[in-house]
1. Within segment 152-180, can you find the residues that are open to solvent by 20 Å² or more (accessible area, probe 1.4 Å) and either closer than 19 Å to residue 195 by Cα or at pLDDT below 95 (or both)?
2. Select from segment 117-151 the residues that are charged (D, E, K, R) and either more than 26 Å from residue 227 (Cβ to Cβ) or modelled with pLDDT under 95 (or both) and list them in ascending order.
3. On the given criteria, is residue 224 away from ligand 2 (no atom under 14 Å from the Cβ), over 21 Å from residue 254 (Cα atoms) and surrounded by fewer than 23 Cβ atoms within 10 Å (Cβ to Cβ)?
4. Which of the residues that make up segment 1-49 are touching a Phe, Trp or Tyr at 6+ places or on another chain (Cβ under 6 Å), over 19 Å from residue 280 (Cα atoms) and in contact (Cβ under 8 Å) with a residue 40 or more places away in the chain?
5. Of the numbered conditions (1) within 14 Å of residue 72 (Cα to Cα); (2) within 17 Å of the chain's Cα centre (by Cα), residue 87 satisfies every one except a single condition; which is it?
6. Can you work out which of the residues in segment 38-67 that are open to solvent by 80 Å² or more (accessible area, probe 1.4 Å) and assigned to a loop (DSSP other than H, G, I, E, B) is nearest to residue 103 (Cα to Cα)?
7. Suppose the filter is away from ligand 2 (no atom under 16 Å from the Cβ) and either crowded, with 24+ Cβ neighbours inside 10 Å or at pLDDT below 95 (or both); does residue 22 pass it?
8. Can you tell me how many residues within segment 282-303 are modelled with pLDDT under 75 and either in contact with an Asp or Glu (Cβ under 8 Å, 6 or more places away or on another chain) or not in a loop (DSSP other than H, G, I, E, B) (or both)?
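The values are calculated or read from the model by the stated rules, or taken from the named source; none is laboratory data. What you see is a predicted model; the values in this text were computed from it and never measured. Here the Cβ positions follow ideal geometry from the backbone for every residue, glycine too, while neighbour counts run over all protein chains shown. Accessible surface is based on the protein model in full, side chains and every heavy atom, while ligands, DNA and RNA are left aside. Shrake-Rupley method; radii C 1.70, N 1.55, O 1.52, S 1.80 Å.
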Amino acid sequence: MPRLGAHMSVAGGLPRAVERAIVHQCEAFQIFTKNASQWRGRPLGREEIREFRARVRAARLRPVVSHASYLINLATTNPALRQQSMEAMADELDRAEALGLLGVVLHPGCYTIGGEAEGLALIADSLFELLHARRRGKTLVLLEHTAGQGTALGATFEQLASIIARMGDHRRVGVCLDTCHLIASGYDICSPEGYAATFTQFGRLVGFDRLKVFHLNDSKKPLGSRVDRHEHIGQGCLGLEPFRRIVNDRRFRGLPMLLETQKTEGRSPAVIQVDPLDERNLATLRSLRKSEVRRPESLRLET
Ligand SMILES: [Zn+2]
Ligand SMILES: [Zn+2]
């Protein structure tokens, strides 16, 4: 069984995200440990860290991951932006470590001048340096496969594999697959044949032992669009079938599968309450997961 959950807001402090995960009956969740569109965040207080960790433990929520700031670009050749990105990613890793998170989900980066190969090398070397400086840490770098918009790297399994290989197969690098990014970047996970071929390729190039997280989002844009627009589960170009296969696929047993779909607008961030959109998307995923018992024929595809 996968562990279903969603990205949760930290409005009101990090422990509030745990409360939100609990009211949505999540088994795992994702947070931003600071504002994702700003370089700097306020330092985390000791009491806030302690309370967060205690509540996560008490609610048996695991794993918890963070998503790094969207400003970070480790593939840039611009020295100032590179320095800023290194400092910001270092801070992301330190925050995740303090909070006891499994890892930090990171968009690998966009190459600037130079090309793809140079960009991939810059990403790998930067991450290696950051992990090497934190040798005693546990938190992982989780490279998110991307939609391939513009010069974004990490949109093919080959690129993810090349970053990992250049990091010397570092034990603290993992991968996050986002269903919206898969279809947008051209991996057809909708047809049974496309699904089988996609994950056979993933297993061969990256390896299932590297796969630590799924982001489950439907896509507003079609196969190969290279545009990243999340849609509610079952309402976009993916439909329900790919999700049914993923939540019941034995290769993904026990993995966190987290929603990053749009929340209900106009609700007070100060109050802990169930978001009807998250609730519906989670209910849909749970109903697909339960179908493992009721519809044994859907299993045969994967075994
Ligand atoms: Zn992302
Ligand atoms: Zn994602």
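1. Across segment 152-180, the qualifying residues are 156, 158.
2. 125, 129, 134, 135, 136, 138
3. yes
4. Across segment 1-49, the qualifying residues are 14, 15.
5. The one condition residue 87 does not meet is (2).
6. 62
7. So residue 22 does not fit the description; no.
8. Counting residues in segment 282-303 that are modelled with pLDDT under 75 and either in contact with an Asp or Glu (Cβ under 8 Å, 6 or more places away or on another chain) or not in a loop (DSSP other than H, G, I, E, B) (or both) gives 10.
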